[in-house]
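Q: Sharing a structure, written as structure tokens. Questions coming.
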Amino acid sequence: MTAEATNYPSTWRRPPQVFTTRTTRYALYGGIVLYLILASLSIDVDWQRVYIGLERGQRFVMGFLQPDFTSRWNEIVRGLTESLTMTLTSTVVGVLISVPIGIGAARNLVPAPVYYVCRSIIAVSRALQEIIIAIFLVAMFGFGPFAGFLTLSFATIGFLAKLLADDIEEIDARQAEAIRSTGASWFQLVNYAVQPQVMPRLIGLSLYRLDINFRESSVIGIVGAGGIGATLNTAIDRYEYDDAGAILLIISGFVLIAEYGSSTIRKYLQ
Amino acid sequence: MLRIEGLTKTYKTGDTALRGVSLEVPTGQILGLIGPSGAGKSTLIRCVNRLVEPSSGSIMLGDIDLAGLNRAELRRQRRRIGMIFQEYALVERLTLMENVLSGRLGYVSFWRSLLRRFPGKDIQRAYQLLDRVGLIDHVDKRADALSGGQRQRVGIARALAQEPELLLVDEPTASLDPKTSRQIMRLLTEICAERDLPAVVNIHDVPLAKQFMQRIVGLRAGEIVFDGPPSDLTESALTTIYGAVDWNTMRKEDEEKQEADAETDRQLAEIA
Amino acid sequence: MSEISHYSELWTHRTPKSRLLRWTGWVALVALFIWCWQLMTANTIWYFVTDAPRQAADIGSRMFPPSLAYIPELMVPLWDTINIATLGTVGGVVMAVPVAFLAARNTTPSATFLRPVALFIIVASRSINALIWALLLVAIIGPGLLAGIVAIALRSIGFIGKLLYEAIEEIDHRQVEAVSAIGASGAQILSFGIVPQITPAFWSISIFRWDINIRESTILGLVGAGGIGLKLQASLNTLAWSQVTTILILILGTVIVSEWVSSKVRRAII
């Protein structure tokens with residue numbers, strides 16, 4: 001038996017799975033290496049600065065381990081209140097606006113012009129980062145949570161209206177047909193055929209967005225749109241790392257609560 | 001030769017799957033394990049190579065007690081035992097060659113296996129085995145591109161690549177159609193005969209067991225209730241193993257299966 | 001059929017109790033909204049808000065036409081931005097892979113000690129936005145690309161780690177069982193039984209994160225972490241709105257291209 005085994009080849013190479021020709025493969029490897037070299041060259045590191053920074057980093061870690069909740073407590077409470085109120089109001093307003101826009105962006109419910117208008121609103125809202133929107137709104141509405149509220153509402157529209165519209169486009173067409181065949185009007189159609197099918201998802205998505213909005217509310221303060229981010233920014237600017245540590249811990253705690261809470265409620269609703 | 005003595009397994013949940021099973025499998029014998037689901041067939045097979053940890057008892061393969069080994073020793077001893085699975089359990093995204101070569105993992109270093117640099121001898125053997133199971137033309141295909149019967153052939157080749165002294169076969173045909181099932185069973189029995197290899201085959205299909213096994217052991221509720229040649233497997237023996245109700249429904253299913261089988265054969269004959 | 005009067009004329013969708021609960025819920029939400037709204041807008045200067053349309057018109061008129069002459073100056077920062085995203089993703093992946101294996105229930109070497117540590121790393125990384133990471137790192141190691149890369153990498157650990165460890169927990173256990181029945185060592189089980197199963201998920205998660213990182217790295221410059229965001233910050237500070245438009249168009253273009261690239265690559269690999 002072993003004697004006959006020698007008739008078979010004794011080498012085997014694993015055939016390449018993705019890039020099957022040798023030249024493309026080597027070109028790809030070469031390209032990656034070249035890119036990594038070029039990209040690393042573009043990093044201009046001031047090692048002396050990094051060295052000084054390490055000591056600061058140490059202080060920051062210490063600040064994290066011994067967070068100071070007390071000395072800036074009032075500012076923290078104010079920032080947190082702004083963040084939380086901003087989150088809730090913007091989610092509610094965002095959801096209220098995204099429902100009509102979402103319906104308008106569903107191809108199976110509305111005429112083409114309405115569809116294109118609504119889809120463009122969604123596209124603009126999704127393409128721009130929250131931070132960039134916040135910069136503009138702060139420039140227009142002045143510093144403070146109102147600009148933040150507008151930012152998050154606008155971002156919510158892009159997120160929710162798109163998912164809602166995609167959902168409506170995927171509903172069971174037979175149910176809609178059945179309702180339509182009873183002679184129902186457009187509003188009755190939406191109320192009886194569409195709403196029952198997408199409502200649970202809409203509530204789930206709103207809760208999910210509530211969670212996202214809280215995360216974002218802690219960031220947009222950096223550009224002046226209020227919230228806990230502004231408090232954090234000040235603390236870091238003044239090198240008060242024990243305060244920064246405290247704020248970061250509070251943010252993480254709330255993010256965890258929001259994430260866990262919203263996923264639990266969503267599970268419960270389904 | 002495999003000698004199991006007083007093997008007992010109680011799961012953490014408190015279910016006792018095996019109650020003092022003793023069994024001896026001499027070299028070259030193909031033994032079929034039958035019994036209703038939950039009788040402990042799968043547990044028994046998995047206790048031998050300790051994919052399931054036995055609670056008490058001894059499992060002698062040659063003169064080594066597998067039940068008493070530490071992890072490193074167990075690894076070394078597992079090389080001597082080839083296993084074939086119900087759902088093939090191939091690494092789906094690897095090629096056939098890699099799957100068969102993986103049978104040699106116990107013999108090569110981690111780095112060699114990582115870089116797929118297996119010794120030339122192993123590669124020759126893998127080619128030979130793939131040829132033996134009729135898949136030499138598909139060496140570089142990925143396992144997930146094969147049909148069920150072909151995958152089980154790869155499973156057999158992988159087990160044989162270990163050059164095992166014992167084959168454990170867990171429901172080899174449960175996911176296959178009747179015709180392919182018989183082809184696989186025939187291949188298995190031929191290969192065991194070629195190598196004088198003992199095998200413990202866990203099988204739920206009684207007619208198939210009768211046709212291909214040399215000896216049949218019936219398990220019920222974790223105890224051996226039948227042990228003998230297939231010819232002794234009478235209606236009453238089957239009733240002891242399966243219980244009256246179960247056996248009748250099973251027989252009906254088997255009749256249906258045989259009819260379907262005959263149907264398939266007819267169709268195939270027509271095509272040919 | 002003819003006599004229907006003995007059936008009730010009243011039919012309600014829900015039991016009175018559940019209706020009451022629902023209404024209470026909605027009323028509570030409205031009350032909460034109003035309360036939050038008042039808290040949030042307590043310090044809002046309404047003059048700025050009413051003045052906003054005029055401000056918007058003013059900014060809008062300054063934004064157009066975009067200053068095309070500014071584009072050549074933006075090429076190097078754009079290159080930096082892409083490098084931040086790519087190198088940051090690579091760094092994130094390198095750190096996330098071991099964390100994911102430590103966090104997955106079926107591969108963790110110690111469920112009592114290492115798994116909680118790994119999960120904590122994932123949570124900490126996820127709950128802090130890339131911009132906040134950048135803010136911290138700029139304070140610690142100084143402004144520049146390095147801070148941006150590290151910020152992106154740190155933020156990516158949690159995202160990639162979480163998705164990857166979920167993928168590891170969902171693998172087909174039978175393949176692993178088969179490889180261990182052969183007599184393979186722990187490392188061999190990993191490389192033959194587990195790695196091939198999670199490779200597709202690994203690539204798709206990494207590319208997905210790279211796409212997100214391109215978006216995020218465009219704004220890191222706002223806090224001094226290099227890239228095109230630095231130019232954005234400079235233009236905003238000097239109120240050079242036509243340059244801002246140019247930068248925004250460039251960012252949008254980059255995001256669209258990166259989305260296209262990532263969908264192409266994902267399709268090629270999987």
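The values are calculated or read from the model by the stated rules, or taken from the named source; none is laboratory data. What you see is a predicted model, and the numbers here were worked out from it, not measured in a lab. Note: ideal-geometry Cβ built from the backbone for every residue, glycine included; neighbour counts use all protein chains shown.
Q: Looking at segment B:124-182 only, could you name the residues that are hydrophobic (A, V, I, L, M, F, W, C), surrounded by fewer than 19 Cβ atoms within 10 Å (Cβ to Cβ) and more than 16 Å from residue B:88 (Cα to Cα)? Walk me through it before giving the result.
A: Residues of segment B:124-182 that are hydrophobic (A, V, I, L, M, F, W, C), as a first pass: B:126, B:129-130, B:133, B:135-136, B:139, B:143, B:145-146, B:154, B:156-157, B:159-161, B:166-169, B:174, B:176.
Cutting the leftovers down to surrounded by fewer than 19 Cβ atoms within 10 Å (Cβ to Cβ) gives us B:136, B:139, B:145, B:174.
Those that are hydrophobic (A, V, I, L, M, F, W, C), surrounded by fewer than 19 Cβ atoms within 10 Å (Cβ to Cβ) and more than 16 Å from residue B:88 (Cα to Cα): B:136, B:139.
Q: Considering C:105, C:155, which residue is assigned by TED's automatic domain parsing to the domain that holds residue C:174, surrounded by fewer than 24 Cβ atoms within 10 Å (Cβ to Cβ) and not acidic (Asp, Glu)?
A: Only one candidate passes the filter, namely C:105.
Q: Please go through segment C:106-152 and pick out each residue that is among the β-branched types (Val, Ile, Thr) and either closer than 17 Å to residue C:213 by Cβ or more than 9 Å from chain A (Cβ to nearest Cβ) (or both). Give the derivation first.
A: Initial filter on segment C:106-152 (among the β-branched types (Val, Ile, Thr)): C:107-108, C:112, C:117, C:121-123, C:128, C:132, C:138, C:140-141, C:149-150, C:152.
Matches in segment C:106-152: C:107, C:108, C:112, C:117, C:121, C:122, C:128, C:132, C:149, C:150, C:152.
Q: Count, please, the residues in segment B:33-59 that happen to be part of a strand (DSSP E or B) and among the small types (Gly, Ala, Ser).
A: Looking only at that region, the number is 3.
Q: If I filter segment C:122-132 for residues that are charged (D, E, K, R), in the same structural domain as residue C:259 (by TED's automatic domain parsing), part of a helix (DSSP H, G or I) and touching an Asp or Glu at 6+ places or on another chain (Cβ under 9 Å), do I get at least one hit?
A: yes
Q: Moving on. May I ask you to say which residue of B:82, B:106 is modelled with pLDDT under 90 and under 30 Å from residue B:138 (Cα atoms)?
A: Residue meeting the stated conditions: B:106.
Q: From the list C:96, C:85, which one is surrounded by 15 or more Cβ atoms within 10 Å (Cβ to Cβ), more than 14 Å from every other protein chain (Cβ to nearest Cβ), at pLDDT 90 or above and within 30 Å of residue C:159 (Cβ to Cβ)?
A: C:96
Q: Based on what the data block shows, is residue A:114 modelled with pLDDT of 85 or more and surrounded by 14 or more Cβ atoms within 10 Å (Cβ to Cβ)?
A: Judged against the criteria, residue A:114 is a match.
Q: Condition first: basic (Lys, Arg) and either surrounded by 13 or more Cβ atoms within 10 Å (Cβ to Cβ) or closer than 29 Å to residue A:208 by Cβ (or both). Now tell me which residues in segment A:235-270 satisfy that.
A: Across segment A:235-270, the qualifying residues are A:266, A:267.
Q: Follow-up. Does residue B:71 fit the bill of being basic (Lys, Arg) and outside the structural domain of residue B:141 (by the TED database)?
A: Numbers: basic (Lys, Arg): yes; outside the structural domain of residue B:141 (by the TED database): yes.
Considered against the rule, which asks whether it is basic (Lys, Arg) and outside the structural domain of residue B:141 (by the TED database), residue B:71 comes out as yes.
Q: Condition first: assigned to a helix (DSSP H, G or I), more than 7 Å from chain B (Cβ to nearest Cβ) and acidic (Asp, Glu). Now tell me which residues in segment C:166-199 satisfy that.
A: Of everything in segment C:166-199, those that are assigned to a helix (DSSP H, G or I), more than 7 Å from chain B (Cβ to nearest Cβ) and acidic (Asp, Glu) turn out to be C:166, C:169.
Q: Would you check which residues across segment B:106-138 are under 23 Å from the mean Cα position of the chain (by Cα) and in a loop (DSSP other than H, G, I, E, B) and list them?
A: Passing the criteria: B:106, B:107, B:133, B:134, B:135.
Q: Continuing with this model, one more query. How about segment B:27-64: which of its residues are within 15 Å of the chain's Cα centre (by Cα), over 24 Å from residue B:241 (Cα atoms) and surrounded by 15 or more Cβ atoms within 10 Å (Cβ to Cβ)?
A: Listed by number, the residues that qualify are B:49, B:50, B:51.
Q: Next up: So which residues in segment A:235-258 are within 8 Å of chain C (Cβ to nearest Cβ), within 18 Å of the chain's Cα centre (by Cα) and not polar (S, T, N, Q)?
A: Matches in segment A:235-258: A:251, A:255, A:256.
Q: Test residue A:131 against the criterion of being of a type outside the set (Ser, Thr, Tyr), out of contact with any strand residue (DSSP E or B) (no Cβ under 7 Å at 6 or more places or on another chain) and within 13 Å of chain C (Cβ to nearest Cβ), and give yes or no.
A: Numbers: of a type outside the set (Ser, Thr, Tyr): yes; out of contact with any strand residue (DSSP E or B) (no Cβ under 7 Å at 6 or more places or on another chain): yes; within 13 Å of chain C (Cβ to nearest Cβ): yes.
When the stated conditions are applied, residue A:131 passes them.
Q: With a cut-off of at least 1 residues that are in contact with a Pro (Cβ under 9 Å, 6 or more places away or on another chain), free of Cβ contacts under 8 Å to residues at least 24 places away in the same chain and among the acidic types (Asp, Glu), name the helices (runs of 4 or more DSSP H) lying wholly within segment A:175-270.
A: none
Q: Answer yes or no: is there a residue in segment A:22-31 that is surrounded by 14 or more Cβ atoms within 10 Å (Cβ to Cβ), among the hydroxyl-bearing types (Ser, Thr, Tyr) and either within 30 Å of the chain's Cα centre (by Cα) or more than 30 Å from residue A:146 (Cα to Cα) (or both). Steps first, answer last, please.
A: Kept after step one, since they are surrounded by 14 or more Cβ atoms within 10 Å (Cβ to Cβ), are these residues of segment A:22-31: none.
No; the residues of segment A:22-31 include none that is surrounded by 14 or more Cβ atoms within 10 Å (Cβ to Cβ), among the hydroxyl-bearing types (Ser, Thr, Tyr) and either within 30 Å of the chain's Cα centre (by Cα) or more than 30 Å from residue A:146 (Cα to Cα) (or both).
Q: Being farther than 19 Å from residue A:127 by Cα and in contact with a helix residue (DSSP H, G or I) (Cβ under 6 Å, 6 or more places away or on another chain) narrows it down to one of C:215, C:209, C:266, so name that one.
A: C:266
Q: Turning to a different aspect of this structure: May I ask you to list the residues in segment B:83-128 that are more than 8 Å from every other protein chain (Cβ to nearest Cβ) and under 20 Å from residue B:184 (Cβ atoms)?
A: Within segment B:83-128, B:84, B:86, B:88, B:96, B:99, B:100 meet the criteria.
Q: Looking only at residues that are buried (at least 19 other Cβ atoms within 10 Å of the Cβ) and β-branched (Val, Ile, Thr) in segment A:191-216, which one is nearest to residue A:83 (Cα to Cα)?
A: A:212
Q: In segment C:217-238, is there at least one residue being surrounded by fewer than 17 Cβ atoms within 10 Å (Cβ to Cβ), within 9 Å of chain A (Cβ to nearest Cβ) and touching a residue at least 24 places away in the same chain (Cβ under 8 Å)?
A: no
Q: One residue is enough: does segment C:251-268 have a residue meeting the conditions within 12 Å of chain A (Cβ to nearest Cβ), buried (at least 22 other Cβ atoms within 10 Å of the Cβ), on the phi < 0 side of the Ramachandran plot and in a helix (DSSP H, G or I)?
A: For segment C:251-268, residues within 12 Å of chain A (Cβ to nearest Cβ), buried (at least 22 other Cβ atoms within 10 Å of the Cβ), on the phi < 0 side of the Ramachandran plot and in a helix (DSSP H, G or I): present.
Q: Just to verify a result, which residue in segment C:27-48, among those that are of a type in the set (Val, Ile, Thr) and more than 7 Å from every other protein chain (Cβ to nearest Cβ), is nearest to residue A:79 (Cα to Cα)?
A: Per the criteria, the residue is C:34.
Q: Quick one: which of C:51, C:80 is at pLDDT 90 or above, in a helix (DSSP H, G or I) and at the interface with chain A (Cβ under 9 Å from one of its Cβ atoms)?
A: Every option except C:80 fails the conditions.
Q: Have a look at B:131, B:144, B:170 and point out the one that is touching a residue at least 60 places away in the same chain (Cβ under 8 Å) and acidic (Asp, Glu).
A: The unique qualifying residue is B:170.
Q: Moving to a separate point now. Starting from segment A:35-48, take each residue that is at the interface with another protein chain (Cβ under 9 Å from one of its Cβ atoms) and assigned to a loop (DSSP other than H, G, I, E, B) and list its partners that are aliphatic (A, V, I, L, M) and surrounded by 13 or more Cβ atoms within 10 Å (Cβ to Cβ), counting only C-beta distances under 6 angstrom and pairs at least six apart or across chains.
A: Qualifying pairs under 6 Å: A:43/C:145; A:43/C:146; A:45/C:146.
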